[in-house]
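See below for the structure under consideration.
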Amino acid sequence: MNDDPTFLNAAQQLIDAGRFIDSKGWVPATSGNFSARLPDGTIAITVSGKHKGHLQTDDIMLIDSDGNSLDGKKPSAETLLHTSLYQRFPDARSVLHPHSINATLVSKLFEKEIVLEGYELLKAFKGIETHESRIVVPIFANDQDIPRLARQVEAYLDAHGAIYAYIIAGHGLYTWGKSVQETLRYLEALDFLFACELQLHGAKN
């Protein structure tokens, strides 16, 4: 087991995040994957096939910035989606990917994107200081070809600039931040805002 204190601290943060996210019902079965970037540029990430509400230190592995295993363990098939975000956003220190029901339903109701506008809770996101704000969360078609999906996300970012999160249709949500705690705040805010939009949509139809 990796006994480096920096790794162990990151692993514990991911374990705690997993328990919190599981308590919300956002990672059923063995779904989801979480990561945290260490100061040396390596990345602590959940191994493949583990229930995120019952993670142990041995369920967190170490990869390099390109997604290659550094300890012989098997990372998630979606590791490239994490590493591409870290490469794009130098300040990002954590990426969290749950499979929440609200994100999944949003992807079924909104074709290409969901717009969140006029909510007080938008101030949960760094850089937003008023409810008179608007963020767009793009929705990408699910794809088992992860490199191709990563390229689609990159192309969107090239065209539209920085975003706070994106959804994979019928799958789940990706969001990232400067710490595990900030990223958890984004997850909680997004889930609430998605629930608001779902209820609004239901009330109008």
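The values are calculated or read from the model by the stated rules, or taken from the named source; none is laboratory data. Note that the structure is a prediction, hence the values are computed from the model and not measured. Note that each Cβ is placed from the backbone with ideal geometry, even for glycine, and that neighbours are counted across all protein chains shown. Accessible surface is based on the protein model in full, side chains and every heavy atom, while ligands, DNA and RNA are left aside. Shrake-Rupley method; radii C 1.70, N 1.55, O 1.52, S 1.80 Å.
Of the residues making up the stretch 124-139, those that are over 19 Å from the mean Cα position of the chain (by Cα) and either aliphatic (A, V, I, L, M) or surrounded by 13 or more Cβ atoms within 10 Å (Cβ to Cβ) (or both) are I128, S133. Cβ separations smaller than 7 Å between residues 6+ apart or across chains give the following pairs from the stretch 62-85 residues that are free of Cβ contacts under 8 Å to residues at least 12 places away in the same chain to residues that are surrounded by 12 or more Cβ atoms within 10 Å (Cβ to Cβ): S69/M61; S69/I63; S69/P75. Summed over the stretch 54-113, the residues that are in contact with a Pro (Cβ under 9 Å, 6 or more places away or on another chain) and under 15 Å from F140 (Cα atoms) give a count of 3.
The set of residues from the stretch 158-171 being closer than 14 Å to K112 by Cα and either open to solvent by less than 20 Å² (accessible area, probe 1.4 Å) or touching a Gly at 6+ places or on another chain (Cβ under 9 Å) (or both) comprises A165, Y166, I167, I168. Taking the conditions (1) open to solvent by 80 Å² or more (accessible area, probe 1.4 Å); (2) of a type outside the set (D, E); (3) at pLDDT below 95; (4) touching a Leu at 6+ places or on another chain (Cβ under 8 Å) in turn, F192 satisfies each one other than (3).
Would it be correct to say that L81 is closer than 29 Å to M61 by Cβ, buried (at least 18 other Cβ atoms within 10 Å of the Cβ) and modelled with pLDDT of 95 or more? So L81 passes the test.
In the stretch 24-33 there is no residue that is assigned to a strand (DSSP E or B), more than 14 Å from the chain's Cα centre (by Cα), of a type outside the set (S, T, N, Q) and surrounded by fewer than 20 Cβ atoms within 10 Å (Cβ to Cβ). When the stretch 87-123 is filtered for residues that are of a type in the set (S, T, Y) and open to solvent by 10 Å² or more (accessible area, probe 1.4 Å), the ones remaining, listed by number, are T104, S107, Y119. Does G72 meet the test of being crowded, with 17+ Cβ neighbours inside 10 Å, at positive phi and not basic (K, R)? Here the answer is no, as G72 does not meet what is asked. With respect to (1) at pLDDT below 95; (2) assigned to a strand (DSSP E or B), the lone exception for E111 is condition (2). For beta carbons closer than 9 Å, sequence separation of 6+ or different chains, a first residue in the stretch 148-160 that is touching a residue at least 40 places away in the same chain (Cβ under 8 Å) and acidic (D, E) and a second that is open to solvent by 50 Å² or more (accessible area, probe 1.4 Å) and assigned to a helix (DSSP H, G or I), the qualifying pairs are E154/R88. Against the condition open to solvent by 10 Å² or more (accessible area, probe 1.4 Å), touching an Asp or Glu at 6+ places or on another chain (Cβ under 6 Å) and either closer than 27 Å to R19 by Cα or β-branched (V, I, T) (or both), how does N142 come out, does it pass? Judged against the criteria, N142 is not a match.
Give me the residue from the stretch 142-189 that is among the acidic types (D, E) and part of a helix (DSSP H, G or I) and, out of that set, nearest to A103 (Cα to Cα).
First, pick out the residues of the stretch 142-189 that are among the acidic types (D, E): 143, 145, 154, 158, 182, 188.
Pick out the ones that are also part of a helix (DSSP H, G or I) and you get 154, 158, 182, 188.
Details: E154: 21, D158: 24, E182: 19, E188: 11 Å.
Here the answer is E188.
Taking every residue in the stretch 107-124 that is within 17 Å of Y156 (Cα to Cα) and pairing it with any residue that is part of a strand (DSSP E or B) and open to solvent by 80 Å² or more (accessible area, probe 1.4 Å), at least 6 positions away or on another chain, the pairs with Cβ-Cβ distances below 9 Å are V115/R134.
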